[in-house]
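Everything below concerns the one structure shown next.
The values are calculated or read from the model by the stated rules, or taken from the named source; none is laboratory data. For clarity, every value in this text was computed on a predicted model and none was experimentally measured. Here the Cβ positions follow ideal geometry from the backbone for every residue, glycine too, while neighbour counts run over all protein chains shown. Side chains are part of the model used for accessible areas, which takes the heavy atoms of the whole protein and leaves out ligands, DNA and RNA. Shrake-Rupley method; radii C 1.70, N 1.55, O 1.52, S 1.80 Å.
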Amino acid sequence: MSLLEQDLKEKGQSIFIFSEEMGRFDFGPDHPFKPERAAKTYDLCIRYGVMNHPWMKVKKPELLDPDLLELFHEAAYIELLKEAGNGEVRIEMLERGLGTKDNPILPGIFEWSIRAAGGTHVGMRELITGNTLVAFNPLGGFHHAMAGQAEGFCYINDIVITIMDALRISPGLKVAYLDFDAHHGNGVQEAFYEDSNVLVISLHQSGRTLYPWAGYETEKGKNEGLGFNINVPLEPGTDDEVYLHAYGAVVIPVVKAFEPDLIVAELGADALISDPLTQMRLTNNAYQRVVKSLLGLGPKILALGGGGYDLYRTARCWTLAWAILNFIEPEDEFAGLVGGMMFGPEMEVGSLYDHPFLSKGEIKERAMTEAQRVVGYIQRDIFPIHGL
Ligand SMILES: [Zn+2]
């Protein structure tokens, strides 16, 4: 038993942040973002027996204190978002990304966003002030929201606000923010670009082929923060093998050298092979390996949702993540009984685990060659800053 496992099971606790009501919020039938994924995850966790252990607590997200919004967001933007949430429509909103196809103006969106952010925030508070060692907010992870701009389905950047508040409460706290979403974590990068207390590492499909069209390896932080922003852009067709190569070569040594007090992990599941919005080709086996390894990289972990537009596979992936973060194995007492009924024909009935998949031929070769090139660049240019 590892130290973290022993601490968690004997005297600690883990928190799953969730409310049914939040999962019911609807971005509209044509919008890919479905908060329902969180409810599906919760259902699967119950069904697979990974939600009923004595050290686990389910906590409802509460509204974030609105004063905390200004730790990152501009007052004028917050005001417009508030109005948008009340159903008002104004032309200035569009200039702030509100009212676009990606970020529609929806009644209740302000409250929903600050409640989702409240969930991430309460997870962090529990981690740094109590005996909580692991927290997971599948309704969090809005890494694209900018200080004065909504984008990429994100309105309020729960991650930035939460980390900034953590640094305020505990000056000198070292936070490693690790972003496994298929899209580059641009909002978080922007916030901590000159900060060496927050190590930001994002693995994602290259900006050459995917929104937000940035996140190159040459974006490596500035001033104090030089070397503390690391991007690992990957090619379409990147599979488990390529991904884990890059992860093992970059993330593990740098995070070990950084010695974080807290790991914040954005577990966007849109790098899965079936995701309709990206061309990454991962299975949940890679996600499992990554989450498992996080347990050895820091004493406390705040895990967040993020992208993931294949609803069912996202829910399976996050169920496995929760199980791993709690050092338990999912068990399915009802396999074959309700499996098909619960999730329809898309589900591989009775199993949470994806079949292995590897890219082949030219696609594989290009993905591996590019990953090796990026890893080489990072090892040469950024590793020495960390004494590696
Ligand atoms: Zn994404």
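Looking at the range 351-369, which of its residues are touching a residue at least 24 places away in the same chain (Cβ under 8 Å), surrounded by fewer than 19 Cβ atoms within 10 Å (Cβ to Cβ) and within 26 Å of the chain's Cα centre (by Cα)? Outline the logic, then answer.
Within the range 351-369, the subset touching a residue at least 24 places away in the same chain (Cβ under 8 Å) is 352-359, 363-364, 366-368.
With surrounded by fewer than 19 Cβ atoms within 10 Å (Cβ to Cβ) added as a condition, the list becomes 353, 355-358, 363-364, 366.
Across the range 351-369, the qualifying residues are TYR353, HIS355, PRO356, PHE357, LEU358, LYS364.
How many of the residues in the range 132-152 are closer than 20 Å to GLN13 by Cα and either at pLDDT below 95 or under 17 Å from the mean Cα position of the chain (by Cα) (or both)?
Restricting attention to the range 132-152, the residues satisfying the condition of being closer than 20 Å to GLN13 by Cα are 132-140.
Cutting the leftovers down to either at pLDDT below 95 or under 17 Å from the mean Cα position of the chain (by Cα) (or both) gives us 134-140.
Residues in the range 132-152 being closer than 20 Å to GLN13 by Cα and either at pLDDT below 95 or under 17 Å from the mean Cα position of the chain (by Cα) (or both): 7 in total.
Table: residues versus (1) of a type in the set (Asp, Glu); (2) touching a helix residue (DSSP H, G or I) at 6+ places or on another chain (Cβ under 8 Å); (3) buried (at least 22 other Cβ atoms within 10 Å of the Cβ).
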residue	(1), (2), (3)
LYS222	no, no, no
GLY227	no, yes, no
ASN231	no, yes, yes
PRO236	no, yes, no
VAL242	no, yes, yes
HIS245	no, yes, no
ILE252	no, yes, no
PRO276	no, no, no
GLN279	no, no, no
Original post:
Since GLU348 meets every condition but one in (1) at pLDDT 95 or above; (2) more than 15 Å from the ligand (Cβ to nearest atom); (3) of a type outside the set (Phe, Trp, Tyr); (4) surrounded by fewer than 19 Cβ atoms within 10 Å (Cβ to Cβ), which condition does it not meet?
Top reply: (1)
Original post:
Among (1) within 26 Å of ARG125 (Cα to Cα); (2) of a type in the set (A, V, I, L, M, F, W, C); (3) open to solvent by 50 Å² or more (accessible area, probe 1.4 Å); (4) assigned to a helix (DSSP H, G or I), where does VAL58 come up short?
Top reply: (4)
Original post:
TYR193: more than 18 Å from the chain's Cα centre (by Cα), farther than 14 Å from PHE383 by Cα and of a type in the set (Phe, Trp, Tyr), yes or no?
Top reply: yes
Subject >> Odd one out for VAL160, checked against (1) free of Cβ contacts under 8 Å to residues at least 40 places away in the same chain; (2) closer than 18 Å to GLY221 by Cβ; (3) out of contact with any strand residue (DSSP E or B) (no Cβ under 6 Å at 6 or more places or on another chain) >> reply: (1)
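Any residue at all in the range 235-253 that's more than 28 Å from ASP381 (Cα to Cα) and within 16 Å of the ligand (Cβ to nearest atom)?
Filtering the range 235-253 down to residues more than 28 Å from ASP381 (Cα to Cα) leaves none.
Within the range 235-253, none of the residues are more than 28 Å from ASP381 (Cα to Cα) and within 16 Å of the ligand (Cβ to nearest atom).
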**OP:** Could you tell me which residue of the range 295-336 is nearest to the ligand (Cβ to nearest atom), considering only residues that are touching a strand residue (DSSP E or B) at 6+ places or on another chain (Cβ under 6 Å) and open to solvent by 40 Å² or more (accessible area, probe 1.4 Å)?
**Re:** ARG313
Original post:
Can you name the residue in the range 1-18 that is polar (S, T, N, Q) and at pLDDT 95 or above and, of all such residues, is least open to solvent (accessible area, probe 1.4 Å)?
Top reply: SER14
**OP:** Would you check which residues across the range 264-294 are within 15 Å of the ligand (Cβ to nearest atom) and out of contact with any strand residue (DSSP E or B) (no Cβ under 6 Å at 6 or more places or on another chain) and list them?
**Re:** GLY268, ALA269, ASP270, SER274, ASP275, PRO276, LEU277, GLN279, TYR287
Subject >> Subset of the range 153-172 [under 19 Å from GLY215 (Cβ atoms) and either open to solvent by 10 Å² or more (accessible area, probe 1.4 Å) or modelled with pLDDT under 95 (or both)] >> reply: PHE153
Subject >> Subset of the range 174-209 (residues that are more than 14 Å from the ligand (Cβ to nearest atom), outside any strand (DSSP E or B) and without any contact (Cβ under 8 Å) to a residue 40 or more places away in the chain) >> reply: PHE192, TYR193, GLU194, ASP195, SER196, ASN197, ARG208
**OP:** Identify, by number, the condition in (1) more than 16 Å from the ligand (Cβ to nearest atom); (2) on the phi > 0 side of the Ramachandran plot; (3) without any contact (Cβ under 8 Å) to a residue 12 or more places away in the chain that GLY221 doesn't meet.
**Re:** (3)
